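Bear in mind that the values in this text are calculations on the coordinates, not laboratory data. Please read these numbers as outputs of a predicted model, since none were measured by experiment. Neighbour counts are summed over all protein chains in view; Cβ atoms, including those assigned to glycine, are modelled from backbone coordinates with ideal geometry.
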Amino acid sequence: MIRLPHLMTVAALAFGSAANAQPRPNASCSNSAPLSIAAAPVSLRSSGATVGVIDSAALAPFFGRTLSQALTAHLPGVSVMRSSGVAGTGSRIWLRGPSGILMTQQPLLFIDGIRADGEMQSIIFGIGGQAPSRLDDIPIEDVECIYVLRGPATTAQYGTDAAGGVIHVITRKASAESARVETFFEGGTTQDVGDYPANFGNATSCTRVRSALGLCATSPVRSWSPLEADSPFRTATLLHGGGRAAIVANEHAALGVSGSGTLDDGAFRNNEHRQYAAGLTGGVHSDSTFGMQGDLWLMGGRADLPYVGNPMVSILNSALLGSSVDDPVHRGYRGAPLSVLEEFGTEQHLRRLGGVVHVDWKPKQWLSVGALAGREDSRVRDQPLPPPPPSSQFPPEPRTTSSPPAVDDATPELRAQRTSAAMSATATYGSTARFTSEVSASYLSETNRQVTSTSSSYSWRAFDGKTKGVVVRQTLAWHDRRFFDAGLRHDLLDRAFVKLENPTYPFASAAWDLGREPFFPTGRVLSSLRIRGAYGESGDSRPYIAAFDLALTVPAGTPVKISPPPVERTRELEGGVDVGLFSERVMVDATLFTKRTSDGLVQALVPPGVGTGVFQTVINAGAWSNRGAELALRAKIVDGGFVRTDLAVTFTALKNEVTSLGNTPPLIGTYFSIVPGYPLYGAWGRRFTVTDANKDGVIVPAEVVADTATQYLGSPVPTRELGVAPSFVFGRAVTVAALVDYRGGFRAVNSGGRLRCNVVCADLYLPTESMVEQARAVDPDASAAWVEDASFVRLRELSVAWTMPAAWSKHVGARSASLVLAGRNLFTSTSYTGLDPEGALTGQTRIDQQDLFTLPPPRTVSLRLDVGW
């Protein structure tokens, strides 16, 4: 890992987004967006709310990128952080900042208009925070458009549980304009590029602290690199391939099939990820008044996930903690060979089957009717990898009478079914003042089961719910330049685990396209101007699932609120401006937003004397806010005959703050706490001073003085994000592009480093280390120094794409062909001293940032061939 000053690196690495060797048709991705279910997409020019759009032309075929990777650093306000470098694991995604106390608000996933499984941490056996994300099951080759609705200003019409935003994926359809047959094949390698520290020690494990206390005699210091002699890493194989075919494709009917498969052997041994997907799409259009479209998909695979980051059974822990100086590599945790520890983990099997049917009917010129119905079933089964070896190799831990019995033959499953249906009617009338009235109704049924069976027991949990919603919406377009939109949605909620208040969500927006006004000054610099604003509300009922999981008890005699409790409610206001410069060669979109959440669930203690004993309960006392600014710039810098240079820049500034906990005291943790006036799960610790009193360069506990009170140290999530993305096209055949991602203004706990400094870190033995690093190693009161600045710059993507001459393609009867050489995670700059500033032991569903031997993202290089007939 290369460590350089961040601002110099950002300036030096100003490169851009992924190349697209073979653009695919993107229909109306950039012109309209699905702001409501079943109704016709809304024109983006007429909407006062911002919608992030990534179309198929921007989804360059790198090496089978996941949906999380496609969203990374391409849209402002969309934060994506990879949780682990283990193959098959997912990323944390926040839209306009983190939100939630009892349970963090995750964005919902929609596929072609219906709710799908978008769980970002889909696992039953916890293995150190790493877990697969169901967002990444979707094959990118089948994606036509990705719409990102960042908050309630745009998601109000999606109803309850959309407070955290919506990611709406539209899949590719067969059409007369598309190629009849397309196929691709990709091969590459994955390598671990982590900068792992050396271990230090001596024959008696005599650290300077023990020596200063007179507990041992100092002996010569040794150093070794335990991961070099018997490395658990490998140069792994990456294979990805598939294709699609249009069986029927004309103006009245279309039928197509698609399929793909991925084999990803992770850089860590015994980490394998297998994935497959198949799709069927078809539609009929009798005339301009009637159309029907159907889509069916099957996704599945298997992921073998090793234990990484768990302090009890991790090969990284065993090697980096160096439990034996005499044999630091082959003897790990509790004396077990590291090769044995590698075998532990979880094998996860996945199957997802879903489909949707859309019907559009226009009985009158002024009347449109739309309907959809669909369902997705998903099933995840986790199987522990082989049990521990015989006691001669791996002695068991001592059992106590309170220890739970071992679980054998455990086969837990997560099963989810989501059934969606919606209908809308839209009437348009008027000429100069054009009115649109819309009424729609939607229905969602969710069934979630977690089943665990063993040779001696069977258990299950259920979280079921139904949501019925009605939306009324009215719009006005004046001279096709001034647009107004207002409406509301009312939901009827049926949650099996709790009775909730039925909410109503208002929304409104306005936009003024000043560039089309007769009085707009046309000049050489300013070519277009649009101002916009939007307001919306949404709620989240999912934290009540977490409350149910806690099994909190309220004693008899406790005052009980008679009316149903409200959902966590989020209100969002945004405003912005879209500017075109130099005849639209430069486009700038700027947005300011503020989100406020109230009625947030927090844990509280029932006062003594109420009922019997002291119990915990959950109350709607939390409130927090997210404020920020978003900027997107797209520029055509050079547009010559032989060379074209494009540049895309995204920037986000975020501020999160807890505004109230009611009468509940601050929630104080070891490193992260929830305190009014500070960010959710902000980092806190005791600052300290250190002085080398005897000037010998060696710091001992007596030379470290810690403050008596804890202080705020920083945000656990990035407060500044920058994506810089130009591309260079030479002769319309060769494209060179890259994507640089900067995250700044946040802190991470280097728990792995602190654990190593119990025995083997350099700070315990070498006087050449800095005083701060020595102080945090020898004195537990200096633990705040382990809360480090985690800002980083990462070269996410770099590619060279070549579109082959048409004459070459014709030799094999093809219409087009292209080659792409691509790499990912090629360079990282950070001052963070842990293994990686992005990884998180806490996984995808927690806000606090903690690194405990979490694998860094691996370096991947691949070559891909695309051919279309």
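A few notes on this one:
- Cubic angstrom per residue, convex hull over Cα atoms of the stretch 764-861: 163
- More than 22 Å apart - percent of Cα-Cα pairs taken over the stretch 660-751: 58
- Dipole magnitude of the stretch 733-866, debye to nearest 20 (Cβ charges: Lys/Arg +1, Asp/Glu -1, about Cα centre): 880
- With all pairs of separate Cα atoms included, the stretch 677-721 yields a Kirkwood hydrodynamic radius of 12.9 Å.
- Whole-number percent relative contact order across the stretch 462-535, with pairs defined as alpha carbons under 8 Å at least 6 apart: 27
- Computed packing ranks the peptides 619-631, 421-433 as 619-631, 421-433, most packed first, by mean other Cβ atoms within 10 Å.
- The tail of the calculated P(r) for the stretch 43-119 beyond 16 Å holds 63 percent of all Cα-Cα pairs.
- 16 Å Cα-Cα reach of Lys636 towards aspartates and glutamates, excluding residues that sit fewer than 8 places from it in its own chain: Glu584, Asp589, Asp646
- Potential lengthening between Ala702 and Thr237 on full extension [0.36 nm per residue; Cα-Cα distance subtracted]: 162.2 nm
- Cα centroid of the stretch 683-761 to Cα centroid of the stretch 462-534, whole Å: 40
- Whole-percent pair-distance distribution, where bins are 10 Å wide, for the alpha carbons of the stretch 564-675: 12, 26, 22, 15, 12, 8, 4, 1, 0
- Within the straight-line cut-off of under 16 Å between alpha carbons, the aspartates and glutamates reachable from Lys810 are Glu182, Asp866, sequence neighbours fewer than 8 places apart in one chain being disregarded.
- Cα convex hull of the stretch 671-824, projected area averaged across orientations, nm²: 15.2
- Ordering Gly515, Pro503, Ala486 by the projection of their Cα atoms onto the charge dipole of the stretch 423-541, which places +1 on the Cβ of Lys and Arg and -1 on the Cβ of Asp and Glu, puts Gly515 at the extreme positive end.
- Packing-based ranking, highest mean first, of 590-596, 499-505, 147-153 given that Cβ atoms within 10 Å are counted: 147-153, 590-596, 499-505
- Taking every C-alpha pair closer than 8 Å and separated by at least 6 residues, the mean separation divided by the residue count of the stretch 667-802 gives a relative contact order of 28 percent.
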